[in-house]
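See below for the structure under consideration.
The values are calculated or read from the model by the stated rules, or taken from the named source; none is laboratory data. Nothing here was measured: the structure is a model prediction, and the numbers come from that model. As a convention, Cβ positions derive from the backbone with ideal geometry for all residues, glycine included, and neighbour counts pool all protein chains shown. SASA here: full protein model, heavy atoms, side chains in, ligands and nucleic acids out. Shrake-Rupley method; radii C 1.70, N 1.55, O 1.52, S 1.80 Å.
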Amino acid sequence: MEWHACLDEYEKLVIRMSTPRVVIDNAVCPTATLVKVDSARRHGILLDAVQVLTDMNLSIKKAYISSDGQWFMDVFHVTDLNGNKLTDESVISYIEQSLETTDPDRSHGFDGLTALELTGTDRVGLLSEVFAVLADLQCNVVDAKVWTHNGRIASLIYVKDCNSGSPIEDSQQIDRIEARLRNVLKGDNDIRSAKTSVSMAVTHTERRLHQMMFADRDYDRKPILQHKVDLPVVTVQNWVERGYSVVNVQCKDRTKLLFDVVCTLTDMQYVVFHATINTTGDKAYQEFYIRHSDGTPISSEPERQRVIQCLQAAVERRAYEGVRLELCTVDRQALLADVTRTFRENGLNVTRAEISTTRDMALNVFYVTDAIGNIADPKTIEAVRQKIGLGKLKVKELPLVYQEKVEREEQAVGVGGTVLLSLGSIVRRNLYNLGLIKSYS
């Protein structure tokens with residue numbers, strides 16, 4: 001670390017204390033790369049670290065988090081989406097640089113774009129109507145993410161003017177965009193809850209989507225479409241002796257799962273003091289020891305139930321529902337309107353979408369079901385592909401970590417009849433080692 005000549009010793013000490021220290025180790029674990037972070041504790045620091053790793057599409061297979069007084073220490077076991085350790089030096093260097101900054105970049109290349117935030121009641125064909133309005137108003141969609149959950153939809157869409165290529169700043173045009181999109185979202189029965197807003201502010205897209213759906217109270221609504229997913233199991237208990245609330249989450253493992261849970265806890269103003277994350281096969285087990293930002297645990301049954309509902313919703317919002325379709329083609333005006341109209345005309349409902357543009361190429365991912373949330377008929381999928389172009393729209397499998405690596409890891413752990421410890425006992429052992437409790441048995 002290089003110091004500016006005018007800095008005194010005290011200022012240097014403050015910088016050292018506030019800057020996270022990062023160590024990346026490929027030697028300790030045979031199946032994963034270890035990322036170790038320690039720094040002075042502040043609200044949101046765990047989320048910042050997890051966000052850096054998940055934004056790089058890394059899979060967090062295990063993690064140990066602990067806060068001792070005002071100090072924060074955590075270890076992440078990470079792989080790429082194919083289950084391989086990280087060997088690319090440029091990737092390792094980027095992780096180190098990103099984790100060591102105290103002000104992580106959240107723009108993700110969206111500078112110079114106008115952000116549209118939409119929430120409302122989901123229905124078949126809604127996305128087609130939204131993109132048709134934007135095309136008619138000469139808005140070019142550069143990037144977007146769309147989530148649906150419990151009959152609600154939230155979308156963050158980044159656009160620019162089709163003619164000038166600049167962000168949309170004219171107040172009258174902004175008013176027109178908001179009014180027409182609001183009418184689309186309202187439909188026939190969503191007059192009160194449909195919301196639209198236009199912003200030039202830069203934010204982390206997926207965190208903002210969680211915040212939008214949380215504000216929309218999707219966790220407290222009943223689903224309209226009959227989605228069939230493995231429901232997450234969430235429990236919350238108080239550890240009275242230590243003043244913690246203990247949150248356990250068990251569900252099917254997937255990418256960005258830890259981010260979704262930590263993001264929700266952070267935005268609900270809870271602080272994670274200790275946590276243990278583990279995966280076995282395709283199952284994830286997460287345990288968090290939390291308090292309010294004022295240092296108190298969860299204090300009432302309604303609050304406990306609300307935490308359970310919110311964490312279940314956070315896991316479910318990004319659950320893989322339906323067939324994954326990937327569209328790769330030359331970008332053009334009204335491309336998204338045409339593609340999603342074809343989905344609607346064939347009775348396909350979009351449960352989630354990720355839109356991106358690289359130079360002049362559109363790289364889009366859609367998860368689709370039939371109109372009532374069941375797996376779409378393969379014949380319907382093929383008809384849609386024929387209409388859009390077989391070479392442009394392809395059916396893709398979800399990225400999975402190789403099961404053989406998981407099985408080898410389980411066998412290694414099982415040698416000698418090793419007894420698996422519960423997540424709670426592992427965390428209590430960590431607390432014992434730190435001198436915070438007298439016994440962990």
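Structure above, values below:
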read-out	value
Test set (1) touching a Phe, Trp or Tyr at 6+ places or on another chain (Cβ under 9 Å); (2) over 23 Å from LEU257 (Cβ atoms); (3) open to solvent by 60 Å² or more (accessible area, probe 1.4 Å) - PHE110 fails condition number	(3)
Cross-chain or 6+ apart pairs with Cβ under 6 Å, segment 326-347 first and touching a residue at least 12 places away in the same chain (Cβ under 8 Å), then assigned to a helix (DSSP H, G or I) and open to solvent by 70 Å² or more (accessible area, probe 1.4 Å)	THR342/LYS387
Where a residue in segment 67-96 is in contact (Cβ under 8 Å) with a residue 12 or more places away in the chain and its partner, wherever it lies, is open to solvent by 50 Å² or more (accessible area, probe 1.4 Å) and part of a strand (DSSP E or B), with Cβ under 7 Å and at least six apart	ASP74/TYR64; VAL75/LYS36; VAL75/TYR64
Cβ-Cβ under 6 Å pairs, at least 6 apart or on other chains, segment 100-125 side assigned to a loop (DSSP other than H, G, I, E, B), far side at pLDDT 75 or above and among the aromatic types (Phe, Trp, Tyr)	PHE110/TYR158; LEU113/TYR158
Those residues of segment 339-397 which are among the basic types (Lys, Arg), exposed (fewer than 14 other Cβ atoms within 10 Å of the Cβ) and assigned to a loop (DSSP other than H, G, I, E, B), in sequence order	ARG359
Looking only at segment 171-197, and only at residues there that are among the acidic types (Asp, Glu) and at pLDDT 90 or above, the one that is most open to solvent (accessible area, probe 1.4 Å)	ASP175
Selected residue [at pLDDT 50 or above and more than 23 Å from the chain's Cα centre (by Cα)] from LYS392, LYS396, LYS438, LYS405	LYS392
ILE92 vs. criteria within 25 Å of THR279 (Cα to Cα) and surrounded by fewer than 18 Cβ atoms within 10 Å (Cβ to Cβ)	yes
Residue in segment 158-170 that is nearest to ARG359 (Cα to Cα), counting only those that are in contact with a Lys or Arg (Cβ under 8 Å, 6 or more places away or on another chain) and surrounded by 14 or more Cβ atoms within 10 Å (Cβ to Cβ)	PRO167
Hey, THR369 in contact with a Leu (Cβ under 9 Å, 6 or more places away or on another chain) and at pLDDT 95 or above or not	no
Residues satisfying the stated conditions in segment 57-70, i.e. open to solvent by 50 Å² or more (accessible area, probe 1.4 Å) and not hydroxyl-bearing (Ser, Thr, Tyr)	ASN57, ASP68, GLN70
Some residue of segment 204-225 being modelled with pLDDT under 90, closer than 15 Å to ARG352 by Cα, in contact with an Asp or Glu (Cβ under 9 Å, 6 or more places away or on another chain) and open to solvent by 10 Å² or more (accessible area, probe 1.4 Å)	yes
Subset of segment 258-276 (residues that are without any contact (Cβ under 8 Å) to a residue 60 or more places away in the chain and not acidic (Asp, Glu))	VAL261, THR264, LEU265, MET268, GLN269, TYR270
Some residue of segment 295-305 being in contact with a strand residue (DSSP E or B) (Cβ under 6 Å, 6 or more places away or on another chain), assigned by the TED database to the domain that holds MET212 and in contact (Cβ under 8 Å) with a residue 12 or more places away in the chain	no
Which listed residue, of ALA313, ALA353, is touching a residue at least 40 places away in the same chain (Cβ under 8 Å) and not assigned by the TED database to the domain that holds LYS145	ALA313
Selection within segment 31-48 - part of a loop (DSSP other than H, G, I, E, B) and surrounded by fewer than 22 Cβ atoms within 10 Å (Cβ to Cβ)	THR31, ARG41, ARG42, HIS43, GLY44
Among (1) crowded, with 21+ Cβ neighbours inside 10 Å; (2) of a type in the set (A, V, I, L, M, F, W, C); (3) part of a loop (DSSP other than H, G, I, E, B) - the single one LEU81 does not satisfy	(1)
Neighbours by Cβ (under 6 Å, 6+ apart or cross-chain): first from segment 369-393, touching a residue at least 60 places away in the same chain (Cβ under 8 Å); second open to solvent by 80 Å² or more (accessible area, probe 1.4 Å)	ILE372/GLN226; GLY373/GLN226
